[in-house]
Amino acid sequence: MSFSQRHYDYIIGGAGLSGLSLCWHIATHPGLQDKTIALIESPDDEQNAQSKTWCFWSKDGLPEPVPIRHSWHKLEIFAGHTALTAPLEKMGYYCVQGGDYFARMSKKLSEFEAVDVIRGSIKGYGETARGVKIDVGGKSFSASCFFKSFGKPDLSRARFKLLQHFKGIEIETKKAVFDPLTARMMDFRVPQQDGATFVYVLPFSENKALIEYTLFSPSVLAEAAYDTAIADYITRYFGIEPGSYHITRSETGVIPMADSIHQATQGARVQLIGTASGIPKASTGYAFSRIHRQARQIADALSAAEVPRRKADSSARFRIYDLMLLDILSRDLGQIVPVFEALFANNPIERVLRFIDEQTTFTEDLQVMASVPWYPFLRAGFRNADMLLKGGVNPRTISSRG
């Protein structure tokens, strides 16, 4: 398709995870084969992708051509007095490197005649009689619907405003120290004074792994604090001094953790997607699978000629669970490690993963909740009774819901 066609059925702003995923779902949907799509790729999208690693677990393959860098079928957990190595029998735990995802999806999308990739920065946009007009570096494009993946969700009215922030380094060691068959999902054997803190380790071979230091707290740390914590961890638990390994890449990130229900729209024809729409899970920040589910839901709605109003990211019961955990993370920090220790020690690992991914039945939810200390959750419930009565919704954020 020539760029002389300035009007499209859909324009997607941003070629990150959510933009690429949505473009793929629309382009491959059987009911949308007559639709035209413009994907606006900003100058920073490819570089930003290089610094991202996403993990997810699944018993079913994803429909997208997702490039799996590595997979594991055993997980390690260290919390309190619990040291657990658990096999995954029906699931796999997968790692996707952002640069690989960008390259693979970009190549696949280039094969669709109905998809134009327009490289440039979006300078502005606004609704018109025909839909939405978008300025890309001085050139004007229009669409019936605009999907916006950039910008930050509004957290101004959230009750809890924690950040999940992290730094990870990928290292190569001179000797074999890692088990490439086992991922270390959560290791709480690190100081907890700056907030709920854990390390995860993704081994790609016996001498190559990603070590990531993750915290939940109101503010980020100084850069040197992450570096010192990671180096100390590698020395203590793998017996390797800083001069004995080579850092091949690093990544950092900050994910808002809040109780807000975010806007789904910015007008009749402007839909928010991805992190801009608040899609990461409120209490954990997991987003990869949720973003792909969101993209599939939007494509299905478009095919049915429906306005793609986003379904609630989480059902009422999971919003309540998230709310209580956010409260404990904010106000009862000393209980976090005991809660996670009991969670993993008293449940099959795949039930825990399904619970985190909001795929459990209510009966399984009761089993999970009965397995952890009840008093921090009881205190959290009393402190947030107004929100519990509204299904985990902060009354101050209801008007923001699109």
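The values are calculated or read from the model by the stated rules, or taken from the named source; none is laboratory data. Since the structure is predicted, the reported quantities are computational estimates derived from the model, not experimental observations. Reconstructed Cβ throughout: ideal geometry from the backbone, glycine too, with neighbour counts over all protein chains shown.
Got a sec? Which of Pro87, Pro63, Pro30 is of a type outside the set (D, E, K, R), exposed (fewer than 15 other Cβ atoms within 10 Å of the Cβ), outside the structural domain of Val199 (by TED's automatic domain parsing) and at pLDDT below 95?
When all the criteria are applied, what remains is Pro63.
Among Ile37, Ile11, which is more than 18 Å from Thr275 (Cα to Cα), buried (at least 22 other Cβ atoms within 10 Å of the Cβ) and touching a residue at least 12 places away in the same chain (Cβ under 8 Å)?
It is Ile37.
Can you work out which of the residues in the stretch 201-242 that are of a type in the set (S, T, N, Q) and out of contact with any helix residue (DSSP H, G or I) (no Cβ under 8 Å at 6 or more places or on another chain) is nearest to Ile171 (Cα to Cα)?
The extreme case among them is Asn207.
From the list Leu162, Leu215, pick out the single residue that is under 19 Å from the mean Cα position of the chain (by Cα), in a strand (DSSP E or B) and within 18 Å of Trp54 (Cα to Cα).
Checking each option against the conditions leaves just Leu215.
Identify, by number, the condition in (1) under 24 Å from Pro43 (Cα atoms); (2) crowded, with 20+ Cβ neighbours inside 10 Å; (3) of a type in the set (Asp, Glu) that Asp135 doesn't meet.
Exception for Asp135: condition (2).
Within the bounds of the stretch 330-347, is there any residue that is assigned by TED's automatic domain parsing to the domain that holds Ser144, in a helix (DSSP H, G or I) and modelled with pLDDT of 80 or more?
No, because not a single residue in the stretch 330-347 is assigned by TED's automatic domain parsing to the domain that holds Ser144, in a helix (DSSP H, G or I) and modelled with pLDDT of 80 or more.
Would you check which residues across the stretch 254-277 are modelled with pLDDT of 80 or more and not in a strand (DSSP E or B) and list them?
Arg269, Ile273, Gly274, Thr275, Ala276, Ser277
Would you call Leu162 among the hydrophobic types (A, V, I, L, M, F, W, C) and touching a Phe, Trp or Tyr at 6+ places or on another chain (Cβ under 7 Å)?
For Leu162, the condition - among the hydrophobic types (A, V, I, L, M, F, W, C) and touching a Phe, Trp or Tyr at 6+ places or on another chain (Cβ under 7 Å) - is met.
For the condition small (Gly, Ala, Ser) and part of a strand (DSSP E or B), what is the one hit in Ala15, Ala27, Ala49, Ala38?
Only one candidate passes the filter, namely Ala38.
What do you reckon, is Tyr125 in a strand (DSSP E or B), within 22 Å of Arg296 (Cβ to Cβ) and among the hydroxyl-bearing types (Ser, Thr, Tyr)?
Judged against the criteria, Tyr125 is not a match.
Take Asp194 and decide whether it is charged (D, E, K, R) and modelled with pLDDT under 95.
Yes: the conditions hold for Asp194.
Applying the selection to the stretch 150-198, what residues are at positive phi and surrounded by fewer than 17 Cβ atoms within 10 Å (Cβ to Cβ)?
Passing the criteria: only Gly151.
Scan Lys152, Lys175 and give me the residue that is among the charged types (D, E, K, R), under 30 Å from Pro203 (Cβ atoms) and touching a residue at least 24 places away in the same chain (Cβ under 8 Å).
Criteria check complete, one pass: Lys175.
Looking only at the stretch 356-368, how many residues end up being touching a residue at least 12 places away in the same chain (Cβ under 8 Å) and more than 15 Å from Ser58 (Cβ to Cβ)?
So the answer is 5.
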